[in-house]
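Only the coordinates and a few stated rules stand behind these numbers; no lab work does. It should be emphasised that the depicted structure is a prediction, and the values quoted were computed from it without experimental measurement. Virtual Cβ from ideal backbone geometry, glycine too; neighbours counted across all protein chains shown.
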Amino acid sequence: MISLSSILPVLFPLLILVLIIWFVTSAVHRKAYLQAFVIFCVPVLLGVLLLPCFFAGRAQAQVAACESNMRMISSALEEYRSHNNNVYPESLNQLVPVYLKELPRCPTSNQIYAYEIVKNQKSEISGFVVKCPRPDRHIRGEIRALYYSSENGLQIVR
């Protein structure tokens with residue numbers, strides 16, 4: 001994840017600055033300048049190295065939260081169906097407040113999930129699909145579709 005090409009733009013100017021300090025200052029002051037430089041550079045380098053890891057972890061957590069929300073909605077839909085003669089609701093709003101306290105929202109876009117009833121060739125209801133409203137906002141646009149279907153479960157299309 002951390003490569004030389006990501007570190008080099010920060011590391012190169014710092015090395016140039018060290019060389020300038022080394023050649024410009026006298027031997028008496030070199031030690032003090034280099035100590036101050038190291039005290040300043042170590043936190044900067046650590047920040048450069050650790051920030052991408054932090055943001056990647058946050059993006060993965062948002063995808064996991066989105067997946068969890070869709071599973072929760074699908075469980076509520078199945079519970080609704082079992083209590084209503086094998087019929088799914090026309091909209092997700094019918095699940096509130098009996099099956100869900102409130103409709104969950106996608107953690108990246110703050111929009112309510114899309115819901116479709118799936119019908120077979122005879123126009124009979126055969127299942128449902130719950131879709132993330134903005135899958136392109138997950139992990140820098142790497143996910144093209146994120147949905148949960150009653151037939152196939154959770155699906156992630158990259």
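When THR108, THR25 are ordered from fewest to most other Cβ atoms inside 10 Å of their Cβ, what list results?
Working: THR108 19, THR25 14.
Ranking THR108, THR25 by Cβ neighbours within 10 Å, fewest first, gives THR25, THR108.
Where a Cα-Cα gap under 23 Å defines reach, which lysines qualify for LYS119, not counting those fewer than 8 residues away within the same chain?
Those lysines meeting the cut-off are LYS131.
Against the longest principal axis of the chain, how steep is helix 27-83, in degrees 0 to 90 to the nearest 10, with axes from Cα atoms?
For 27-83 against the chain, the angle is about 0 degrees.
Any idea what the dipole of the chain comes to, in debye rounded to 20, about its Cα centre with Lys/Arg Cβ at +1 and Asp/Glu Cβ at -1?
Numbers: 15 positive and 10 negative charges, 118 e Å.
For this selection, approximately 560 debye.
Once the other residues with Cβ under 13 Å from the Cβ of CYS106 are scored (Lys, Arg +1; Asp, Glu -1), what is the net sum? Don't skip to the end; give the middle numbers.
Working: positive: ARG105, LYS131, ARG134, ARG137; negative: GLU67, ASP136.
Around CYS106, the surrounding residues sum to +2.
Can you tell me the orientation of helix 4-24 relative to the chain, as the angle in degrees between its alpha-carbon axis and the longest Cα principal axis, to the nearest 10?
For helix 4-24, the angle is close to 20 degrees.
In square nanometres, what is one fourth of the surface area of the convex hull spanned by the alpha carbons of the stretch 25-83?
Numbers: hull surface 18.6 nm².
Over every viewing direction, the Cα hull of the stretch 25-83 projects on average to 4.6 nm².
Under 21 Å from the Cα of LYS122, which lysines turn up, not counting those fewer than eight places away in the same chain?
By straight Cα distance, LYS122 reaches no lysines at all.
Tell me which label goes with the value of Cα extents along the principal axes in Å computed from the coordinates here: (1) 68, 40, 32; (2) 88, 31, 18; (3) 51, 37, 26.
Working out Cα extents along the principal axes in Å from the coordinates points to (2).
What residues qualify as long-range amide H neighbours of SER126, i.e. H under 5 Å apart, gap of 5 or more or another chain, H built at 1.01 Å from N?
Sorted by chain and number, the residues that satisfy this are VAL118, LYS119, ASN120.
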